[in-house]
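The values are calculated or read from the model by the stated rules, or taken from the named source; none is laboratory data. Note that the structure is a prediction, hence the values are computed from the model and not measured. Heads up, the Cβs are rebuilt from the backbone with ideal geometry, glycines too, and the neighbour counts pull from every protein chain shown. With ligands, DNA and RNA removed, areas are computed over all heavy atoms of the protein, side chains included. Shrake-Rupley method; radii C 1.70, N 1.55, O 1.52, S 1.80 Å.
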Amino acid sequence: MTDNNNDFTKGSVSGNIIRIALPLTIAQIVNVLYNVVDRAFIGHIPEVGTAALTGVGVSFPAISLIIAFTNLCGMGGSPLFSIERGRNDKAKASKIMGNACTCLLFFTVLLTVAGYIFTEPLLYLLGASDDTIVYAADYLRVYLSGTLFAMLSTGLNVFINAQGFGGRGMLTVLAGAVCNIILDPIFIFVFNMGVKGAALATVLSQMLSSGLVLSFLCGKKALINLKLSDMKPDFHIIGKIMAVGLSPFVMSVTTAASQILCNATLQRYGGDLYVGIMTVIISLREIMLLAGGGLTQGASPVISYNYGAERYDRTKTGILFVAKLNFLSLFVPYVLLMLFPGFFISIFNDDPALIEAGKVCVRIFFLTHFSMSFQSTGQSCFLALGKSKQAIFFSLLRKALLVMPLVIILPRLFGLGVYGVFLSEPVSDIIGGTACFATFMLRVWPELTEKEKLKASLEEKHE
């Protein structure tokens, strides 16, 4: 593909977004699918399935922390990379990618060492009980051995997509996912490795994905290559990457923190059964958000590129297109989940008690989840335009300022107990999502319009 084909100031804006987003969405579907398959297989391990699923669920916040640092580097660097591409400054774009990779390697070492040292104390903090700690520890210790591959495959894949190679970005994820889906039942059931087998299958699949990502970025087909010389730390560039990446980082960290609080509160009011239900709900939420995630990732380089090229009309067109499509992508699975919660729960576990109790919890948790489309659209557009402060604020608003206090307060009101924990999500969804998108449209949209008018005026004078 030539550089001209990857010039997002040409052709249909919606067409460019779909061209990048479609393979990314497929990749998201497959990526979520293999995580879901992990949990589905674990939840159906004979005799210990429910305890094993709950144990793996307890480890989610620790894995979310790894994802947080991955997003800090990858999602922090890719909008800056795309803006420089739009300005046709390839040398600076290359340095941004190189320094993002350096940051990924640094955090890999830090998180792996800390994870191994504090495994069991961390898992008890995250809500493990004496019955589930063995499964949580087995899964996390094996998963930590592949931290390098997990961070490189996800953190650098965004730079493939940012260059317009959405299909290639999809294939790197697809290859790993297929590998994981094949290895899961072999390791879990044939080799009788249980949760260790599920974690090992994930590590090997991430190893394959990271190898494919690196081979492409270092190869001849990439428009901008990952070079060793550009990985020399430039603290000015690293500072910018951290500033932009702070929003998705904060979002992931606050998600992990709120999950810790949820697990602890559910353990107090309902025990392992409700921690297991929350594990299923998190898996269902991942499925619901996958289409929107692929769309916003696909739109980000197009919006950033046009913003960097001062094509504000096309920037606005891209934002509106994302907003409409994002809402539709979330509303359809929302309706299905509210109508058939028992069916979706049974994918992960066939315990009648868990399914029956889970139906009510699922309907409460996802009551207003369609409004998350407003949050994800506003959040991704703030990031695409390099407006990190606003993105960080709304990351904090939803989880740290809304969900976490509500998780503490609601279970104590009117005897809600565990239901108060699940109710905290819809309250925060509607308030946080509406506030984020409304602020973007009231503050940033007029700014883009003003810049568009100013540019048109200057062009008329030159003529």
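Details
- Here LYS221 is the anchor, and the aspartates and glutamates within straight C-alpha reach of less than 12 Å, apart from those fewer than 8 places off in the same chain, are ASP3.
- Separation of the range 66-108 from the range 139-155 is 19 Å, based on Cα centroids.
- Positive minus negative residues near ASN192 (Lys, Arg vs Asp, Glu; Cβ under 14 Å): -2
- Partnerless Cys - the chain, beta-carbon criterion under 4.7 Å: CYS101, CYS179, CYS218, CYS262, CYS361, CYS381, CYS436
- At least 27 Å along the helix axis (C-alpha) and Kyte average at least 1.6, DSSP helices within the chain: none
- Distant alpha-carbon pairs in the chain (separation over 29 angstrom), percent: 46
- Members of LYS92/LYS399; LYS10/LYS316; LYS389/LYS455; LYS10/LYS451 lying beyond 24 Å, as alpha-carbon distances in this model show: LYS92/LYS399; LYS389/LYS455
- Within the shell defined by Cβ-Cβ distances under 14 Å, the residues around LEU144 carry a net charge of 0, with Lys and Arg each +1 and Asp and Glu each -1.
- Per residue, the chain exposes 40 Å² of accessible surface when a 1.4 Å probe is rolled over the protein heavy atoms with every protein chain present.
- Contact order relative to length of the range 356-463, as percent, for alpha carbon pairs under 8 angstrom and 6 or more apart: 36
- Highest mean packing comes first when the peptides 397-408, 252-263, 442-453 are listed by Cβ atoms within 10 Å, giving 252-263, 397-408, 442-453.
- Rounded Å value of the spacing that divides the Cα centres of the range 430-445 and the range 272-307: 19
- Burial ranking of peptide ranges 414-422, 87-95, 279-287 (average Cβ count within 10 Å, highest at the top): 279-287, 414-422, 87-95
- Taken about its Cα centre, the range 338-417 carries a charge dipole of roughly 500 debye when the Cβ of each Lys and Arg holds +1 and the Cβ of each Asp and Glu holds -1.
- Over the chain: helical MRE at 222 nm, DSSP H runs n ≥ 4 each giving -39500 (n - 2.57), nearest 500: -27000 deg cm²/dmol
- In this simple spin-label model, placing a label point 7 Å from the Cα along the Cα-to-Cβ direction at both ILE117 and ILE409 gives a separation of 3.8 nm.
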